[in-house]
Amino acid sequence: MITLKEALKLSAGEISELRNELEKKIFADKELGAYVEQLANLPLDKLGAGVPIAIKDNIQVKGWSVTCASKILQGYVAPYNATVVEKLLAAGLAPFGRTNMDEFAMGSTTESSYYGKTLNPLNRERVAGGSSGGSAAAVGAGLAVAALGSDTGGSIRQPAAFCGCVGLKPTYGRVSRYGLGAYSSSLDQIGPITQNVEDAAILYDIIAGHDDKDSTSADIKFESVADKLNADKKLTICVIENYINEASEEAKKALLKAVDVLKAAGHKIIYKNLENSKCDIATYYIIATAEASANLSRYDGVRYGRRAEAKNLKELYINSRSEGFGEEVKKRILLGTFVLSSGYYDAYYIKAQKARAHTKAKYEQILSECDLILMPVAPSTAYKFGELKNPLDSYLSDIYTISVNLAGLPAISVPVAKDADGLNVSAQLIAKAWDEKTLLEGALSLENSIKG
Ligand code: GLN
């Protein structure tokens, strides 16, 4: 597939050919399940004919159905564009297809979608990762030039790693969340999934920047980075040794090789351990579910999407929510409501907020001694369908990504090797808040060094 950088140089006629070619490919590979709605059903003509970008089904595109892959939002049509979509259009790009995801972005495999699962393009017996599995599978399979996803606890970085693409989660507050279906508002961030690091930088530049419509968007100066990246800059990179040692044998081998090539490229490597990652999981699942329970209370069968049959108002709420939400979403609403309840608020929610501050401080301490941190994205390569048998296995699989969201830092996953089964292993790089430039420079250096 043509890269985003190349696509941005195409003439209007060539872009229209590209869109036709993509449309044909998407129709020919419905089995992959990367897109939830075929393009013919979307009013594409109203959006002009920009360079096509695949959009996760939780980002609003005016006039398009947007459902967060949930039954409860069936029939809802977005009345306005998300700020990121406005920015795409202003830069000569255009939304192209809605991609599959875990329901309300809750999950790590894209198995919980109302539309069915997405397959991994590298091995169709495996999951694409999640929750932005559709976006990653589309880019990985050559069914998209590039895509937008959202990352609350790893949902850009992990599916990108499973499908062999690059996934960037910007610093919290860097990209507007206006028009993103909220899961956990203090953790959610929109970001690019692309074929390479340079494209990630290009798409990041297009979508980043302050937005008055999002009160958590940071009002600090944003300078574009894509045209200023220096892959030869020598950096100090801190390898989290205990995380690498915990990874599967093949992932460990690939990550150690990545460290070697970075060393050979002239970067200074230091080593540290990060303890208590299990606390990060507990902290994340308390905060994320607490915020989700509040955010999802708006889906009541009255204001958005699908309304159930009912005899009175109370029954309308109960039936609409019981029929509309899937199992995992219901579980999280219950857990979130519990940790916010008056009797347990101090014991769980307040404690989780303190633990979150501790995690942030731990990262700040390490980043005061280096430019970048390197660690795995996930404990293993893409799982087989159904391999994560219970929710706890799935929650534990987020161990290396969620703490980055708790700390609000920018991070990227970069492919470093394929294992014996052809599955991809990626390294995760993490930088100081607002320093996407150094993050992308390190990622570019890693990508170039791996290619040799
Ligand atoms: N897997 C994590 C969860 O289920 C992260 C999801 C995400 O980043 N949206 O909450």
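The values are calculated or read from the model by the stated rules, or taken from the named source; none is laboratory data. Only a predicted model underlies this, so the values are computations on that prediction, with no experimental measurement involved. When we count neighbours, we look across all protein chains shown, and the Cβ atoms used for this are built from the backbone with ideal geometry, even at glycine.
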Residue within the range 378-387 that is acidic (Asp, Glu) and touching a helix residue (DSSP H, G or I) at 6+ places or on another chain (Cβ under 9 Å) present: yes
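Looking at the range 366-381, can you tell me whether even one residue there is farther than 30 Å from residue 419 by Cα and in a loop (DSSP other than H, G, I, E, B)?
The first filter runs over the range 366-381 and keeps only residues farther than 30 Å from residue 419 by Cα, leaving 366-369.
From the residues that got through so far, the ones that are in a loop (DSSP other than H, G, I, E, B) too are 368-369.
The answer is yes; a qualifying residue exists.
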Pairs where the first residue, in the range 1-19, is touching a residue at least 12 places away in the same chain (Cβ under 8 Å) and under 18 Å from residue 137 (Cα atoms) and the second is hydroxyl-bearing (Ser, Thr, Tyr) and surrounded by 15 or more Cβ atoms within 10 Å (Cβ to Cβ), C-beta under 7 Å, 6+ apart: 4/194
Counted residues, the range 161-170 - those being more than 12 Å from the ligand (Cβ to nearest atom), small (Gly, Ala, Ser) and buried (at least 24 other Cβ atoms within 10 Å of the Cβ): 1
Members of the range 388-401 found to be more than 25 Å from residue 236 (Cβ to Cβ) and either touching a residue at least 40 places away in the same chain (Cβ under 8 Å) or in contact with a helix residue (DSSP H, G or I) (Cβ under 6 Å, 6 or more places away or on another chain) (or both), listed by number: 388, 391, 394, 395, 396, 397, 398
Residue tally, condition without any contact (Cβ under 8 Å) to a residue 12 or more places away in the chain and within 26 Å of the chain's Cα centre (by Cα), over the range 301-331: 1
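Based on what the data block shows, is residue 413 part of a helix (DSSP H, G or I), under 20 Å from the mean Cα position of the chain (by Cα) and within 15 Å of the ligand (Cβ to nearest atom)?
Numbers: part of a helix (DSSP H, G or I): no; under 20 Å from the mean Cα position of the chain (by Cα): yes; within 15 Å of the ligand (Cβ to nearest atom): yes.
No.
Could you pull out the residue among 112, 135 that is more than 8 Å from the ligand (Cβ to nearest atom) and assigned to a helix (DSSP H, G or I)?
On the way: 112 fails: assigned to a helix (DSSP H, G or I).
Sole residue among the options that is more than 8 Å from the ligand (Cβ to nearest atom) and assigned to a helix (DSSP H, G or I): 135.
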Filter result for residue 130 (within 12 Å of the ligand (Cβ to nearest atom), within 13 Å of the chain's Cα centre (by Cα) and without any contact (Cβ under 8 Å) to a residue 40 or more places away in the chain): yes
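Give 431, 407, 361 a once-over and let me know the one that is modelled with pLDDT of 95 or more and over 19 Å from the mean Cα position of the chain (by Cα). Before the answer, list the steps.
Working: 431 fails: over 19 Å from the mean Cα position of the chain (by Cα); 407 fails: over 19 Å from the mean Cα position of the chain (by Cα).
None of the other options fit; the residue is 361.
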